[in-house]
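Enquirer: Before I ask anything, let me first share the structure, which is written out below as structure tokens.
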Amino acid sequence: MGTVSGGTEGGQDQERERLTALGGLAALSLDALSSVAYGPEAILVVLVTAGATALKYSLPITGAIVALLAALVVSYRQVIAAFPNGGGAYAVSKRHLGTVPSLVAAASLIVDYVLNAAVGVSAGVEALTAAFPALYGARVWLCLGVLAAITAVNLWGLAESARVFAVPTIAFIAAMAVVIVVGALRAHPVVPLGHTLPPITDTVGTLLILKAFASGCSALTGVEAIANSVPQFRVPRARRAQHTEMWLGVLLGAMLLGLGELIRRWDVVPQAGTTVLAQLTAGAIGHGALFYVIQMITLVLLSLAANTSFGGLPVLAGLLARDNFLPHVFGLRADRRVFRYGVGVLAVAAALLLVAARGDTQALVPLFAIGVFVGFTLSQVGMVRHWHSERSAGWVARAWINGIGAVLTFAATVIELVSKFFAGAWLVAVIIPALVMLFVWVNRAYTRIGVLLGVGQLPPPPMKRASLVVVPVAGMSRLTAEGISAALSLGDDVIAVTVVFTDSDDELPADVSFRAEWNVWRPEVPLITLRSAHRSIAKPIVCYLRSVEAEDKYHRLVVLIPEVQPARPWQWLLHNQRGLILDRAIRRGTANVVLCRLRYRLGTLAADSAGTSARQS
């Protein structure tokens, strides 16, 4: 009864460490929600090049983006139901499009997750340095500090990180609601907004509108993170994830349309030294204390938006590891259900990007959002195949929704790639195929290992075979005794070997005194003396092992190396690293020797010896 109760309590503890719908919104939606701080502005930055005439298209373009958002939300709700184990575009592509498209989807998502983490951190730090210019010179260190803090929170546990991020997420949603609602009630902005426009340099053509649409689609990054992380939710997992996806779509769509309407009403344009969102906030509530509060909330959200990557990439890496496309270590979880290796690799990759870009967001933006649209497109096409194969009730309408979404996201991908190619997007076009090649290489390696190990095949019955255990020893000690005792329990035959330097000037050779002590001790194990003229311990032992291998008398040759494990790290400096030297030399110099390094803590070794002496007395 106690075992059953303990298992139930353990299961309840694991469920408490998973996400609720609100926790999922806080932990996995920060990227998408905070994108309203730069998505609408990205549209205006493109349109403003054609002058005031083009700005009237900002709201229709925002409407088109929201329509695409609705299609994506509907699609990903269906993805969550069809693929409750997570994976998003990777899982959909794997089932319906094949291995290579699924690996392309996975690689694109990994690139986007790493870039999102770097962009989120750098954007938040740049906002901080804009408020406090004295910190600008330390922006790289500030980026690394913020990244380290977010990494630590996620290593603590995803559910715990969701609780930490819930307050700023709710505060940001409330702040945007205040700006939109108060602004909608005002015919004119409280603070006059600048309307300095450059001269008209381009006509408002289809290409310009499509380019503005593609730039504004940066607001959609992060929509897929919930579908990638379904296993992190509490039961019923799929239903909670679907509710979270729906609320993300409703909140993000409402904020985009609300801010887009204020932009149209007040003719807001990008201005140097400030952001479009800051202009809208000032126009709605003025420059009072609430303005600075909302700005600080926005800054915090931009920094914490990187948490979406920490929620999505480790789970995706775990799925790839399960399918043998990444090392299996990425599938291991810590006590709090954390994929700590995925979290660690993401943190290192983002840190390298931040250092390479010197904390400059604009150096990273050209690479941003391309990868996620590749995943969007593959996911949509895969869901069309899904509906066509299932042919359930209403499948035609669902397939049309996904088909239209695939066309729109593919168009956005092409426009993003072409318009940003020479600004750095070429790097994404190189990294994604490189990652796919890495996945294929890892999979082939695991396939070869599986064939050699006979994984999935019934092995022959086990049988006892002749073995020899060789124990390198240097002198009489408790460590020698423990090593010989362990060797006697491992193999049929045991031999101790010791190395003697022939250039020694000692009056009494070391092997003579050691052998005399050995004969008095009488361990019933032969002691072989190996001579070395070059004061090398490893070379004579390797030569001896090769000679034993050549005799082909034993099926298994084991080398057991007894060594001391210091109680404190600094005590390693006091030891000669004999075990490590022998380990490396034997691995490089022999073919089929099994190595066993038997480590003893000094305190444990002394206690065991004292206990043995007491029993003998």
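Enquirer: Return the pairs, sorted by first residue and then second, in which the second residue is part of a helix (DSSP H, G or I) and modelled with pLDDT of 85 or more, the first residue lies in region 231-248 and is among the charged types (D, E, K, R), the beta carbons are less than 7 Å apart, and the residues are 6+ apart or on different chains.
Expert: Within 7 Å, the pairs are ARG234/ARG240; GLU245/VAL73.
Enquirer: Name the pairs: first residue in region 554-571 and without any contact (Cβ under 8 Å) to a residue 12 or more places away in the chain, second residue in a strand (DSSP E or B) and surrounded by 12 or more Cβ atoms within 10 Å (Cβ to Cβ), Cβ to Cβ under 8 Å, at least 6 apart or on different chains?
Expert: Matching pairs, first to second residue: none at all.
Enquirer: Now, a different point. Looking at (1) more than 24 Å from the chain's Cα centre (by Cα); (2) assigned to a helix (DSSP H, G or I); (3) farther than 25 Å from VAL100 by Cα; (4) among the small types (Gly, Ala, Ser), which is the one condition that is false for ALA393?
Expert: (2)
Enquirer: In addition: When you look at PHE376, is it modelled with pLDDT of 80 or more and in a helix (DSSP H, G or I), yes or no?
Expert: Answer is yes for this residue.
Enquirer: Return yes when GLY491 is buried (at least 16 other Cβ atoms within 10 Å of the Cβ), within 15 Å of LEU560 (Cβ to Cβ) and at pLDDT below 80 and no when it is not. Walk me through it before giving the result.
Expert: Working: buried (at least 16 other Cβ atoms within 10 Å of the Cβ): yes; within 15 Å of LEU560 (Cβ to Cβ): yes; at pLDDT below 80: yes.
So GLY491 fits the description; yes.
Enquirer: While we're here: Tell me, yes or no, whether region 437-458 has at least one residue that is under 30 Å from LEU208 (Cα atoms) and in the same structural domain as PRO101 (by TED's automatic domain parsing).
Expert: No, every residue in region 437-458 fails to be under 30 Å from LEU208 (Cα atoms) and in the same structural domain as PRO101 (by TED's automatic domain parsing).
Enquirer: Filter region 560-617 down to residues that are more than 15 Å from VAL471 (Cα to Cα), in a helix (DSSP H, G or I) and basic (Lys, Arg) and give me whichever is modelled with the lowest pLDDT.
Expert: ARG615
Enquirer: Which residue is farthest from LEU44 (Cα to Cα), if the candidates are limited to region 271-301 and must be crowded, with 16+ Cβ neighbours inside 10 Å and of a type outside the set (A, V, I, L, M)?
Expert: By that ranking, first place goes to PHE291.
Enquirer: For region 376-425, name all the residues that are farther than 25 Å from THR206 by Cβ and touching a Gly at 6+ places or on another chain (Cβ under 7 Å).
Expert: Once the filter is applied, which keeps residues that are farther than 25 Å from THR206 by Cβ and touching a Gly at 6+ places or on another chain (Cβ under 7 Å), region 376-425 yields SER379, VAL384.
Enquirer: Out of all the residues in region 124-139, which are aliphatic (A, V, I, L, M) and either under 16 Å from GLY312 (Cα atoms) or surrounded by fewer than 24 Cβ atoms within 10 Å (Cβ to Cβ) (or both)?
Expert: Listed by number, the residues that qualify are ALA127, LEU128, ALA130, ALA131, ALA134, LEU135, ALA138.
Enquirer: Among the residues of region 219-251, count how many are of a type in the set (S, T, N, Q) and over 15 Å from THR308 (Cβ atoms). It would help to see each step written out before you state the result.
Expert: Taking region 219-251 as the starting set, the residues that turn out to be of a type in the set (S, T, N, Q) are 221, 228-229, 232, 242, 244.
In the following step, the residues that additionally are over 15 Å from THR308 (Cβ atoms) were identified as 242.
Final tally of qualifying residues: 1.
Enquirer: Pairs, please: C-beta under 6 Å, at least 6 apart or cross-chain, first residue among the polar types (S, T, N, Q) and in region 456-481, second modelled with pLDDT under 75?
Expert: SER467/GLY491
The values are calculated or read from the model by the stated rules, or taken from the named source; none is laboratory data. It should be emphasised that the depicted structure is a prediction, and the values quoted were computed from it without experimental measurement. Every residue, glycine as well, gets a Cβ built from its backbone with ideal geometry; the counts of neighbours run over all protein chains shown.
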